[in-house]
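S.K.: Pasting a structure below so you can have a look.
The values are calculated or read from the model by the stated rules, or taken from the named source; none is laboratory data. All of these numbers come straight from a predicted model, not from anything done at the bench. For neighbour counting, all protein chains shown are included, and Cβ atoms are generated from backbone atoms with ideal geometry for every residue, glycine included. Side chains are part of the model used for accessible areas, which takes the heavy atoms of the whole protein and leaves out ligands, DNA and RNA. Shrake-Rupley method; radii C 1.70, N 1.55, O 1.52, S 1.80 Å.
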Amino acid sequence: MMKNISILLFAAILSLFNLEPCMAQGKSKEDVPTDATTQSGIRFFQGSFQQALNEAKKQHKPLFVDFYAQWCGPCKRMAKTIFTQDSIGKYFNEKFISIQIDAEKPENVAIAKQYKIEAFPTLAFIANDGKAISISVGAMGARELLEAGKTAAGDVIGFKELYEQYRANPSDLDIQQKVLQQAPKFLMAQEGMDAEKWVVRIRKMFSAYIQAKLGPSLINRTDYLIITQLGGDDTEQQQKIADFINTNLPAWQKNVGDAAAYYVIEYNDKRIEDLAKEGNLSYKDYVDKISGEYKPSYSVISFVGNFDPAKSSAKYADAIYVIYKDKDIKKYLELMDDYFKLMGENATPADYGKAAQNLYYAAGKKLAPADHEIAINWVEKALTGETSVVDRINYLVMIGDSYTAIKKYEDATKYYRQGYVESLQLNNMTQVQAMIQATIARKLATLELLQK
């Protein structure tokens with residue numbers, strides 16, 4: 001339930017702000033629409049990244065780079081509906097050398113790695129010396145893209161200039177809002193000590209900004225996006241924000257939709273799980289919120305049948321508590337069995353995957369053969385609904401490890417090999433792919449020794 005709610009929150013936020021990044025993983029291949037290169041919109045440079053960079057130096061312009069993948073739906077929509085617009089083409093053709101980069105092609109893998117491209121579309125503005133100006137993940141609307149372009153080109157005030165304005169006027173909330181709006185894109189382009197320095201500054205500004213605006217003036221789409229992008233570190237502050245959103249939920253829903261309710265749910269469920277894992281019984285107080293003060297937020301979720309989210313969450317949290325604090329495998333399995341009965345048709349494949357992961361993490365070496373058989377059954381159910389290649393590989397390796405532990409070596413070999421085959425789809429994530437393949441190769445080598 002908790003992982004499922006997290007996905008719902010993410011989807012709601014992306015829908016609200018027209019941001020729909022596709023995570024880098026294998027999909028069926030289709031061509032990116034050719035409409036993007038028509039004369040009515042952006043005229044994309046035809047050539048390599050280095051050739052485009054050379055042309056940018058020659059014309060004294062920065063680069064605009066659309067990093068895409070052929071299977072990415074949001075990339076196709078931007079190509080058809082945004083890059084083709086006259087207003088976008090007029091500005092970008094004058095101010096930038098623009099290029100589209102298929103990040104999965106072998107000749108572009110190094111470029112994608114250099115700019116840390118892991119989801120699509122990623123829209124980058126790069127100076128003609130190759131240094132990133134700003135990098136944004138997710139699709140943009142025309143107005144947002146034009147604003148990003150004007151900022152990168154220097155036609156509107158950029159992040160550092162805004163930050164200097166903030167330093168001169170530290171109590172001006174309008175300037176703070178503009179700085180915080182641009183902060184995520186700016187931070188993505190920073191590296192090393194510069195990145196750490198700016199993260200500290202932005203966290204401090206964000207905390208002061210929320211404290212100053214925690215009232216009716218905070219209830220708007222711009223500040224909600226700032227909260228979701230920058231407000232994930234301070235537990236006490238997150239609590240204040242969640243309580244404030246829940247208390248003023250109708251106003252938030254009017255401005256940003258049900259995404260606001262999912263923020264409350266996401267925070268509360270994570271707090272329950274974190275406290276249970278720490279062995280802190282105060283997790284029960286947060287469970288009580290589900291049918292108490294947070295009930296309006298939880299009411300946005302549609303469940304099958306006469307389902308009680310508070311009762312099922314309590315059972316899940318109790319199970320997490322006993323496996324992490326007491327390492328009581330038997331009790332954990334009993335409580336999780338009760339949990340899945342309560343969930344009924346509301347249980348998702350992800351719920352089963354999470355149940356198995358917690359069992360492995362908290363008590364891996366203490367599991368008996370019968371415990372491994374239950375874990376295998378859970379992970380098999382998780383595989384039925386998992387589309388992320390990396391998560392599928394993780395599940396396959398988990399099953400292989402369980403079969404190895406109970407000395408069913410042929411079954412273990414089958415699952416490890418399947419995991420290796422799936423890893424071949426990660427050719428645009430070379431470091432991750434290499435690490436996964438090396439790990440699976442070691443496990444297969446160990447199996448060979450065990451069978452001799």
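S.K.: Would you mind telling me the share, in percent, of accessible area of the chain contributed by carbon and sulfur at probe 1.4 angstrom? Write out the running numbers ahead of the final one.
M.R.: Details: 10880 of 21720 Å².
The nonpolar share, carbon plus sulfur, comes to 50 percent.
S.K.: Do any of Lys95/Lys160; Lys365/Lys414; Lys270/Lys341; Lys160/Lys254; Lys240/Lys331 go past 29 Å between their Cα atoms, and which? Spell out each step's value before the answer.
M.R.: Values: Lys95/Lys160 20 Å; Lys365/Lys414 22 Å; Lys270/Lys341 22 Å; Lys160/Lys254 33 Å; Lys240/Lys331 35 Å.
Checking Cα-Cα distances, Lys160/Lys254; Lys240/Lys331 exceed 29 Å.
S.K.: Rounded to two decimals, what ratio of Rg to Rh does segment 392-452 give with C-alpha atoms and a Kirkwood Rh? Each step should come with its number before you reach the end.
M.R.: Working: Rg = 11.4 Å, Rh = 11.5 Å.
Using Cα coordinates only, the ratio equals 0.99.
S.K.: Can you tell me the alpha carbon radius of gyration of the chain divided by the globular rule-of-thumb value 2.2 N^0.38 Å?
M.R.: Normalised Cα radius of gyration, the chain: 1.09.
S.K.: Further question on the same structure: Treating the beta-carbon of each Lys and Arg as +1 and of each Asp and Glu as -1, no other charges, what is the dipole magnitude of the chain about its Cα centre, to the nearest 20 debye? Intermediate results must be reported in sequence, preceding the final value.
M.R.: Values: 55 positive and 56 negative charges, 130 e Å.
Dipole of the chain, to the nearest 20 debye: 620 debye.
S.K.: Need one number for segment 94-206: average projected area of the convex hull over its C-alpha atoms, nm². Before the final figure, lay out each step's value.
M.R.: Working: hull surface 31.8 nm².
In nm², the orientation-averaged hull projection of segment 94-206 is 7.9.
S.K.: Moving on. Could you give the nm distance between label points at Ser40 and Thr235, where each point is 7 Å from its Cα heading toward the beta carbon?
M.R.: Simple spin-label model gives 5.5 nm for this pair.
S.K.: Can you compute the modelled spin-label distance between Lys331 and Glu410, with each label point 7 Å from Cα toward Cβ, in nm?
M.R.: 4.0
S.K.: Given a Förster distance of 35 Å, report the FRET efficiency between Glu345 and Lys366 from their Cβ-Cβ distance, rounded to the nearest 0.05.
M.R.: Values: r = 32 Å, r/R0 = 0.93.
Rounded to the nearest 0.05, the efficiency is 0.60.
S.K.: Further question on the same structure: Over 27 Å between Cα atoms, which of Lys61/Lys204; Lys295/Lys325; Lys381/Lys443; Lys58/Lys150; Lys213/Lys277 qualify? Show your work: numbers first, answer last.
M.R.: Numbers: Lys61/Lys204 34 Å; Lys295/Lys325 29 Å; Lys381/Lys443 23 Å; Lys58/Lys150 21 Å; Lys213/Lys277 33 Å.
Pairs exceeding 27 Å: Lys61/Lys204; Lys295/Lys325; Lys213/Lys277.
S.K.: Rg to Rh ratio, segment 228-371, alpha-carbon atoms and Kirkwood radius? Provide the component values of the computation, followed by the final result.
M.R.: Numbers: Rg = 16.2 Å, Rh = 16.2 Å.
Ratio of gyration radius to Kirkwood radius for segment 228-371: 1.00.
S.K.: Let me ask you something else. What aspartates and glutamates sit close enough to Lys330 to cross-link, taking a C-alpha to C-alpha distance under 15 Å and skipping anything fewer than 8 places away on the same chain?
M.R.: Leaving aside aspartates and glutamates fewer than 8 places away in the same chain, those within reach of Lys330 are Asp318, Asp338, Asp371, Glu373.
S.K.: 222 nm [θ] for the chain, helices only, -39500 (n - 2.57) per DSSP H run of 4+, per residue, to 500? Present the calculation step by step, with values, prior to reporting the outcome.
M.R.: On the way: 22 runs with 290 residues, N = 452.
-20500 deg cm²/dmol, from helical runs alone.
S.K.: With an 8 Å cut-off on Cα pairs and a minimum separation of 6 or more residues, tell me the relative contact order of the chain in percent. Mind dumping the intermediate values first?
M.R.: Numbers: 602 pairs, mean separation 61.1, N = 452.
Relative contact order comes out at 14 percent.
S.K.: Right, next: I want to check the label-to-label distance for Lys113 and Leu424. Put each point 7 Å from Cα in the C-beta direction and report it in nm to one decimal.
M.R.: It works out to 2.1 nm between the two label points.
S.K.: Consider just the alpha-carbon atoms of segment 49-153 and return their Rg together with their Dmax, both in angstrom.
M.R.: When restricted to the Cα atoms of segment 49-153, Rg and Dmax are 12.7, 34 Å.
S.K.: Follow-up. What does the net charge come to around Ala242 if you take all other residues with beta carbon closer than 13 Å to its beta carbon, with K and R at +1 and D and E at -1? Numbers along the way, then the final one.
M.R.: On the way: positive: Lys240, Lys270, Arg271, Lys289; negative: Asp234, Glu236, Asp243, Glu266, Asp269, Glu293.
It works out to a net charge of -2.
S.K.: At what distance in angstrom do the alpha carbon centres of segment 105-166 and segment 338-362 lie from each other?
M.R.: Here the two parts' Cα centres lie 40 Å apart.
S.K.: Related question: Could you work out the Rg to Rh ratio of segment 157-233, with Rh taken as the Kirkwood radius (inverse of the mean 1/r over all Cα pairs)? Walk me through the numbers on the way to the answer.
M.R.: On the way: Rg = 11.9 Å, Rh = 12.7 Å.
The Rg/Rh ratio comes out at 0.94.
S.K.: How large is the accessible surface per residue of segment 387-451, computed with a 1.4 Å probe and reported in Å² as a whole number?
M.R.: On the way: 3400 Å² over 65 residues.
Per residue, segment 387-451 has 52 Å² of solvent-accessible surface.
S.K.: Now a separate question. Considering only protein heavy atoms, what per residue accessible area in square angstrom results for segment 49-153 with a 1.4 angstrom probe?
M.R.: Values: 4250 Å² over 105 residues.
Result: 40 Å² per residue.
S.K.: Per the Debye formula with a single identical scatterer at each Cα and no solvent contribution, what log10 I(q)/I(0) holds for segment 175-292 at q = 0.09 Å⁻¹?
M.R.: After summing over all Cα pairs, the log10 values are -0.28.
S.K.: Output the peptides 242-254, 267-279 sorted from most to least packed, where packing is the average of other Cβ atoms within 10 Å over each peptide's residues. Don't skip to the answer; put the middle values down first.
M.R.: Numbers: 242-254: 17.5, 267-279: 20.2.
With the highest mean Cβ count within 10 Å placed first, the list reads 267-279, 242-254.
S.K.: Show Ser48, Ser291, Ser297 ordered by accessible area, largest first, where the area counts protein heavy atoms only and the probe is 1.4 Å. Could you put the intermediate results ahead of the total?
M.R.: Numbers: Ser48 50, Ser291 80, Ser297 0 Å².
These residues rank, largest area first, as Ser291, Ser48, Ser297.
S.K.: Given charges of +1 on the Cβ of Lys and Arg and -1 on the Cβ of Asp and Glu, with all other atoms neutral, how large is the dipole of segment 157-233 about its Cα centre, in debye to the nearest 20?
M.R.: Using only the charged Cβ atoms, the result is roughly 100 debye.
S.K.: Taking only C-alpha pairs under 8 Å that are 6+ residues apart, what is the relative contact order of segment 147-270 in percent? Numbers along the way, then the final one.
M.R.: Numbers: 71 pairs, mean separation 21.5, N = 124.
Relative contact order here is 17 percent.
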